[in-house]
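The values are calculated or read from the model by the stated rules, or taken from the named source; none is laboratory data. Everything quoted here is computed from the prediction, not taken from an experiment. Don't worry about glycine lacking a Cβ; one is built from the backbone with ideal geometry, like all the others, and counts go over all protein chains shown. Accessible surface areas use protein heavy atoms only, side chains included; no ligands, DNA or RNA. Shrake-Rupley method; radii C 1.70, N 1.55, O 1.52, S 1.80 Å.
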Amino acid sequence: MTKIRKICAALALSLASVAVADDLNLPVKVIDGRAVYYYEVPSKETVYSITRKFGVSREELLRLNPQLIDGLRAGSTLIIKVVDSQAAEDADPVAEPVEPVEEVEEVEEVEVEEIPADTVGPQRQIQPPMPAPAEIVIADTVAVVEADAESVNVAVMLPFMLESEAITRNAQNQLNFYRGMLLALDAPGSSDVKVNLYAYDTEGSDDAVRRIVASPDMQNLDFIIAPGDSLAIESIAALADTTGASVLNLFAVKNDAHQRHQSVIQTNIPHAEMYDEATRGFIDRFKGSKVLVLNATDIPADKQSFVSQLTTELVRAGIPFEKIDYAGKLTAEELLSLPVRDYVVVPTSATREALLKVLPALNEFHQANPEMALRIFGYPEWVVLRGDIKDNLHKLNAVVYSRFSTDLDGADVVAVNDAYRRWFGCEPSPSFPDTMLLGFDSMAWILNVVANGLQTPYRGLQNSFGITEIPDGGGVNKALYFITFDPAGTVTAETL
């Protein structure tokens with residue numbers, strides 16, 4: 001993290017290209033307003049065979065056809081080269097876009113405690129429309145990374161799987177992440193920082209990671225986005241400890257490399273720290289209420305570890321609590337003996353089954369005692385619930401903790417999604433959390449670090465960053481959301 005510094009310069013992406021011979025025996029037409037030589041891809045063609053056939057590098061082919069990162073498809077149209085002005089005059093002026101990326105049918109969900117909610121937007125303001133896209137280059141080696149005191153070198157090392165015949169869900173998510181980074185680089189407010197962005201395909205292989213790490217490119221990097229593989233993180237961190245680069249672990253939630261390597265920043269708040277922050281936030285918010293712990297004796301108490309920590313801290317803080325055991329469905333009669341006062345209810349299970357067992361009785365009890373304040377406190381799993389369950393959470397003024405928070409209808413998120421469609425000609429594929437927004441927030445946060453320092457808090461479109469440096473290690477994100485479902489039907493979020 002020693003290379004983090006303030007910089008003022010013009011925004012730029014470092015790109016590599018290789019010229020193509022002018023005597024291509026290919027048809028010419030206008031695509032997206034420019035005359036180009038184009039090629040209809042037959043079956044059994046590969047990126048490698050096309051580069052050999054037309055004497056073009058893979059980097060140049062990807063630059064002209066960014067959709068290739070999703071895989072080569074038979075029948076698609078590829079741009080081989082932009083033609084000269086005379087050829088443009090003779091071209092058939094038919095404006096047709098390059099075939100867009102096909103959407104992935106299903107998304108790969110991460111563990112439930114990483115699911116975002118429909119909540120408030122970011123402090124960073126994004127004003128549409130955004131300008132035309134920067135060109136994209138993804139390759140094993142883009143260019144030799146040179147040291148420059150007035151620029152920031154950022155490397156993205158992810159399994160893009162460029163050589164695979166079919167795109168996987170995970171590769172699509174990596175692509176969305178990278179595209180989100182590009183959108184952040186072009187967003188208002190980022191133009192005062194010069195960024196050289198380099199991307200490397202780790203191919204899902206430890207050998208590929210070691211090969212990349214051993215290249216001269218790695219010596220002058222300031223930030224490295226690491227893949228979600230523990231062996232890869234170790235290899236990258238071992239080098240970064242010697243070069244001063246900061247390694248961002250955005251994908252491996254349970255990895256603890258930040259405890260052993262000064263270079264590693266764990267951007268996902270670990271479970272232990274998350275429970276600490278959630279407990280502290282709970283006590284600050286509900287210290288005037290009595291806590292009811294609802295324990296279903298006939299289903300697993302999957303949140304017992306959190307509840308045990310919470311009740312221990314409640315005793316230390318002098319906050320009263322009561323445990324209610326029940327079997328089957330909780331009934332309003334089981335709550336009638338409670339004296340009139342303010343209550344906050346904490347179930348020992350976050351499952352949908354557990355909620356269905358308690359929500360009707362809690363709402364009935366609340367309606368029968370309108371003079372009492374009754375709220376329910378719970379877990380990240382709840383933020384994706386819909387229908388009657390979500391309506392009942394609103395009625396009970398529910399509060400949940402979560403690593404992620406997104407207002408999908410907020411102006412900022414809508415603007416970035418619109419920019420994605422303009423740039424890449426397709427919809428961003430859905431994922432939980434949204435990997436495109438994660439890429440946007442990660443790059444925006446890097447720019448914030450460069451301008452204001454590592455420990456400056458940052459709240460993005462989906463992710464918040466509040467980095468704490470740890471002794472004999474790197475840094476860890478302590479930011480956590482409290483998300484409130486209020487009775488008016490709105491959802492709001494605050495960072496602790």
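Going through (1) modelled with pLDDT of 90 or more; (2) open to solvent by less than 10 Å² (accessible area, probe 1.4 Å) one by one, residue 390 falls short only on (2). Within this structure, residue 228 fails the test of being modelled with pLDDT of 80 or more and on the phi > 0 side of the Ramachandran plot.
With the requirement that a residue be open to solvent by 10 Å² or more (accessible area, probe 1.4 Å) and within 21 Å of residue 237 (Cβ to Cβ), what does segment 474-486 give you?
Answer for segment 474-486, where residues must be open to solvent by 10 Å² or more (accessible area, probe 1.4 Å) and within 21 Å of residue 237 (Cβ to Cβ): just 478.
Pairs linking a residue in segment 454-479 that is part of a strand (DSSP E or B) to a residue that is of a type in the set (D, E, K, R), with Cβ atoms under 7 Å and 6 or more positions apart or on different chains, are 463/441; 468/478; 475/469; 476/273. Could you please tell me which pairs satisfy a Cβ distance under 6 Å, a separation of 6+ or placement on different chains, a first residue in segment 413-427 that is under 20 Å from residue 64 (Cα atoms), and a second residue that is open to solvent by less than 20 Å² (accessible area, probe 1.4 Å) and assigned to a helix (DSSP H, G or I)? Every condition considered, the pairs that remain are 419/183. Number of residues in segment 31-72 that are surrounded by fewer than 17 Cβ atoms within 10 Å (Cβ to Cβ), of a type outside the set (D, E, K, R) and modelled with pLDDT under 75 equals 2. Restricting the search to helices (runs of 4 or more DSSP H) fully inside segment 302-407 and requiring at least 2 residues that are in contact (Cβ under 8 Å) with a residue 60 or more places away in the chain, closer than 19 Å to residue 286 by Cβ and not polar (S, T, N, Q) gives 387-395. Scanning segment 253-290 for residues that are closer than 25 Å to residue 346 by Cβ, out of contact with any strand residue (DSSP E or B) (no Cβ under 8 Å at 6 or more places or on another chain) and assigned to a helix (DSSP H, G or I) yields 271, 272, 275, 276, 279, 280, 283, 284.
The residues of segment 235-269 that are over 15 Å from residue 469 (Cβ atoms), of a type outside the set (Gly, Ala, Ser) and touching a residue at least 24 places away in the same chain (Cβ under 8 Å), listed by number, are 236, 239, 243, 250, 251, 253, 255, 268.
Consider segment 143-167 and keep the residues that are over 24 Å from the mean Cα position of the chain (by Cα) and open to solvent by 60 Å² or more (accessible area, probe 1.4 Å). The one that is modelled with the highest pLDDT is 163.
Filtered by the rule that a residue be in contact with a strand residue (DSSP E or B) (Cβ under 9 Å, 6 or more places away or on another chain), open to solvent by less than 50 Å² (accessible area, probe 1.4 Å) and farther than 12 Å from residue 296 by Cβ, segment 308-353 gives 310, 311, 314, 319, 335, 338, 343, 344, 345, 346.
Which of the residues belonging to segment 35-63 are of a type in the set (Phe, Trp, Tyr) and within 34 Å of the chain's Cα centre (by Cα)? Answer for segment 35-63, where residues must be of a type in the set (Phe, Trp, Tyr) and within 34 Å of the chain's Cα centre (by Cα): just 48. Residues in segment 239-252 that are open to solvent by 10 Å² or more (accessible area, probe 1.4 Å), more than 11 Å from residue 218 (Cβ to Cβ) and outside any loop (DSSP other than H, G, I, E, B): 241 alone.
Against the test of being within 18 Å of the chain's Cα centre (by Cα) and open to solvent by 50 Å² or more (accessible area, probe 1.4 Å), the options 418, 407 yield a single qualifying residue, 418. If you go through segment 417-433 and keep only what is more than 17 Å from residue 385 (Cα to Cα) and assigned to a loop (DSSP other than H, G, I, E, B), you end up with 425, 426, 427, 428, 429.
Looking across 274, 218, one residue alone is of a type in the set (A, V, I, L, M, F, W, C), touching a residue at least 24 places away in the same chain (Cβ under 8 Å), within 21 Å of residue 399 (Cβ to Cβ) and open to solvent by less than 20 Å² (accessible area, probe 1.4 Å). It is 274.
Residue 227: closer than 20 Å to residue 196 by Cα, crowded, with 22+ Cβ neighbours inside 10 Å and not aliphatic (A, V, I, L, M), yes or no?
On the way: closer than 20 Å to residue 196 by Cα: yes; crowded, with 22+ Cβ neighbours inside 10 Å: yes; not aliphatic (A, V, I, L, M): yes.
Yes, satisfied.
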